[in-house]
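Comments concern the structure below.
Laboratory data are not the source of any read-out in this text; all were calculated from the coordinates shown. On a predicted model such as this, the values are computed, not experimentally measured, just so you know. FYI the Cβ positions are ideal-geometry reconstructions off the backbone, even for glycines, and counts take in every protein chain you see.
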2 protein chains.
Amino acid sequence: MTTISQVAREAGYSPATVSRYLNNRIELPASTALRIDAAVARLGYRPNLLARRLSTGRTEAIGLVATEISNPFFAELAATIEVEAELHGYSVLMSTTRGAREREITYLGRLEDRHVDDLIMMTNEPDDGTLATNIDAHSNVVLVDEDVPGVAVPKVFVENEYGAYHATRHLIEAGHTRIAHTSGPRFLMSVRERMDGYLRALRENRVEPSMSRVLFGSYSRKFGADATDQMHSHADRPTAVFCGSDIVATGVMQRLREGGLNVPDDISVVGFDDMPFADMFAPALTTVRQPIETLGRKAFRALYALINKQETVAEERLPVSLVERQSVARRP
Amino acid sequence: MTTISQVAREAGYSPATVSRYLNNRIELPASTALRIDAAVARLGYRPNLLARRLSTGRTEAIGLVATEISNPFFAELAATIEVEAELHGYSVLMSTTRGAREREITYLGRLEDRHVDDLIMMTNEPDDGTLATNIDAHSNVVLVDEDVPGVAVPKVFVENEYGAYHATRHLIEAGHTRIAHTSGPRFLMSVRERMDGYLRALRENRVEPSMSRVLFGSYSRKFGADATDQMHSHADRPTAVFCGSDIVATGVMQRLREGGLNVPDDISVVGFDDMPFADMFAPALTTVRQPIETLGRKAFRALYALINKQETVAEERLPVSLVERQSVARRP
DNA sequence: CAGCTGGGCTAAACCGGTTTCGTAAACTAG
DNA sequence: CTAGTTTACGAAACCGGTTTAGCCCAGCTG
């Protein structure tokens with residue numbers, strides 16, 4: 001490994017000059033520049049990142065914290081963030097919390113440890129306040145897709161309320177009135193907002209909402225299955241269900257099928273997210289699409305603005321759209 | 001930020017002693033240990049990683065290079081690698097090549113740049129030799145799931161030939177003889193091996209293989225669709241198709257459905273990988289399961305052995321299994 | 001009691017860059 | 001020709017750890 005001193009010696013200058021030249025912090029006469037360039041080329045010099053990082057104090061890496069990277073929705077989001085980060089010369093350190101709150105806090109600690117300069121967090125479990133205080137102790141965090149209430153960092157979310165409203169109205173327009181809502185963790189922003197949209201659609205169309213029809217749990221396939229069981233113990237069964245996420249919808253559809261029920265003929269299902277392969281399901285899932293790519297890009301941009309101490313918007317909301325496929329049927 | 005010198009001063013010892021003690025490189029009398037511990041706690045000392053890295057020359061991070069993290073199979077693999085890495089105190093730097101060979105080589109350069117100590121590569125595009133020579137220049141790379149021919153690094157693969165053999169035999173036992181094979185890039189190890197298994201199953205069961213029935217392309221959904229079109233222009237259409245990967249199978253099934261054909265009644269489909277949600281497809285996909293979790297864990301373990309200069313096996317093969325679902329129907 | 005051993009600890013070099021401050025030489029203006 | 005200003009560059013401090021070589025002294029040995 002050649003060092004900057006070797007390059008300097010080879011070129012006949014000092015390490016300081018070489019460093020400043022290579023980092024464009026100085027204008028040099030053409031002859032000098034040439035000699036340095038030649039020396040760099042001759043020795044195949046590549047600056048030692050570790051040394052540079054120590055001396056500058058910056059790592060040019062960001063952290064990406066998600067609950068599960070194996071969730072296709074997060075995987076896709078991570079992918080777009082990674083692309084955007086690479087574009088700006090940043091590397092991405094990936095970490096999953098697998099539902100453990102303390103791991104989220106551990107990863108925040110990486111900011112202090114200089115592991116990464118900044119963090120993008122996509123959490124999807126409710127917070128009792130500990131996470132919030134931990135995040136607030138840092139100034140270089142961006143929240144994407146899901147809120148952690150009470151923290152003052154840039155946030156990039158989608159129009160949850162409107163998406164849910166739209167989805168529910170779609171079900172109503174197809175003739176459904178007994179519409180269940182199987183969502184996620186009760187105290188999550190997205191869950192509350194989606195429920196709000198669901199309720200508004202019902203009320204605006206004069207169908208009486210019943211809280212016994214809205215089920216909370218976790219954003220997981222298992223909860224979808226469990227919720228389905230619960231729905232069916234209910235007196236008058238729903239003819240349609242609006243799920244808080246596609247993952248939940250897969251659980252619902254799976255259990256429905258196991259129970260011999262046909263989607264959409266016996267019961268209609270709508271999801272939220274439009275995760276990859278939602279169109280391949282049995283049946284293809286009608287769902288509310290989140291603009292994953294834009295979400296990821298905006299999240300990184302917000303972080304980038306933060307890094308460069310530019311003005312950042314406190315919260316951004318991205319539009320969603322209903323994509324109609326085969327999991328909804330008309331009802332007389 | 002408190003430094004090790006401040007801790008040393010606070011405790012009344014030298015930085016050297018504190019450093020050695022904190023890294024378990026020295027045995028100290030209990031009284032000394034106590035005073036250092038106390039100083040660390042009092043000042044809330046956290047070692048500066050950047051400094052440590054420069055001085056040790058190690059980053060305690062590994063790189064993960066995949067073509068697409070948004071492919072659920074890779075996402076899942078990445079997730080298990082990340083879990084295993086974290087268990088051993090390593091962070092994971094994620095990078096996707098999006099099919100660009102030069103990006104693969106760029107990421108190899110990160111080894112020299114001390115970005116990461118080691119690299120796990122899951123490539124799935126054929127190599128013209130440039131990647132191979134680049135990999136060979138490094139001693140700390142592990143290949144997982146797919147080979148790059150001619151490089152001498154630890155490799156963790158699955159029993160492709162047997163899996164394909166098994167899948168094809170399953171089709172034959174269901175009465176099929178006109179079985180197509182839509183695979184991936186022709187010169188990929190996995191493609192060749194899976195084709196070998198496919199051909200062996202045919203021959204062992206006295207059905208004459210026809211190379212016009214095996215189609216090569218890319219491991220992508222689009223290729224699955226295109227290949228389906230091509231299959232249908234064929235004189236006597238296949239009654240079943242064995243796909244080289246689930247991603248390809250989704251493309252096949254999608255196009256089949258668009259063409260008004262029913263899976264499995266009109267045509268049976270078998271995939272390879274058992275990617276997440278393969279059981280949710282329409283119909284649920286019969287496929288060859290790769291033990292993703294074991295694959296990821298073994299890959300990291302191989303890398304870890306490399307790091308610690310332990311003996312490593314040159315190549316490991318993991319067993320696969322056929323998981324039967326609804327995409328295959330009997331034929332008289 | 002001299003010599004040896006080993007425990008406890010540290011000075012100083014080192015990792016390889018970046019950055020600040022400054023100076024000598026060249027150039028410009030008056 | 002002198003004073004002031006640029007230009008071109010370098011010495012040295014700094015980032016914050018780790019590690020090597022070795023010092024000092026207590027205790028043991030003969």
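Observations, loosely collected:
- Condition met for B:L131 (in a helix (DSSP H, G or I) and more than 24 Å from B:R221 (Cβ to Cβ)): yes
- Subset of region A:54-72 (residues that are in contact with a helix residue (DSSP H, G or I) (Cβ under 7 Å, 6 or more places away or on another chain) and more than 9 Å from DNA strand D (Cβ to nearest atom)): A:T59, A:I62, A:G63, A:L64, A:V65, A:A66, A:E68, A:I69, A:S70, A:N71, A:P72
- The listed residue being of a type outside the set (S, T, Y), closer than 30 Å to B:P47 by Cβ and either in contact with a Gly (Cβ under 7 Å, 6 or more places away or on another chain) or within 11 Å of DNA strand C (Cβ to nearest atom) (or both), out of A:A16, A:A85, A:A8, A:A66: A:A16
- Matching residues, region A:31-53, being within 24 Å of B:L108 (Cβ to Cβ), within 12 Å of DNA strand D (Cβ to nearest atom) and either over 35 Å from the mean Cα position of the chain (by Cα) or surrounded by fewer than 18 Cβ atoms within 10 Å (Cβ to Cβ) (or both): A:A51
- Looking across region B:27-51, the residues that are closer than 30 Å to A:L49 by Cα and not polar (S, T, N, Q) come down to B:V40, B:L43, B:G44, B:Y45, B:R46, B:P47, B:L49, B:L50, B:A51.
- Among the conditions (1) without any contact (Cβ under 8 Å) to a residue 60 or more places away in the chain; (2) within 14 Å of chain A (Cβ to nearest Cβ); (3) more than 8 Å from DNA strand C (Cβ to nearest atom), B:A51 misses just one, which is (3).
- Spans of helices (runs of 4 or more DSSP H) in region A:7-122 with at least 1 residues closer than 18 Å to A:I307 by Cα: A:49-56, A:72-87, A:101-112
- Flag set for B:L64, criterion: surrounded by 15 or more Cβ atoms within 10 Å (Cβ to Cβ) and without any contact (Cβ under 8 Å) to a residue 60 or more places away in the chain.
Okay, residues lined up against (1) assigned to a helix (DSSP H, G or I); (2) farther than 27 Å from B:A225 by Cα:
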{"site": "B:E125", "(1), (2)": "no, no"}
{"site": "B:L143", "(1), (2)": "no, yes"}
{"site": "B:P149", "(1), (2)": "no, yes"}
{"site": "B:H170", "(1), (2)": "yes, no"}
{"site": "B:R186", "(1), (2)": "no, no"}
{"site": "B:E193", "(1), (2)": "yes, no"}
{"site": "B:A201", "(1), (2)": "yes, no"}
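- Whichever residue in region A:69-82 is within 26 Å of B:R53 (Cβ to Cβ) and facing chain B (nearest Cβ under 9 Å) and, among such residues, is farthest from DNA strand C (Cβ to nearest atom): A:I69
- Identity of the residue in region A:19-39, among the hydrophobic types (A, V, I, L, M, F, W, C) and away from DNA strand C (no atom under 11 Å from the Cβ), that ends up farthest from A:S91 (Cα to Cα): A:A30
- Sole residue being surrounded by fewer than 21 Cβ atoms within 10 Å (Cβ to Cβ) and more than 13 Å from chain B (Cβ to nearest Cβ), chosen from A:D136, A:D113, A:D117, A:D145: A:D136
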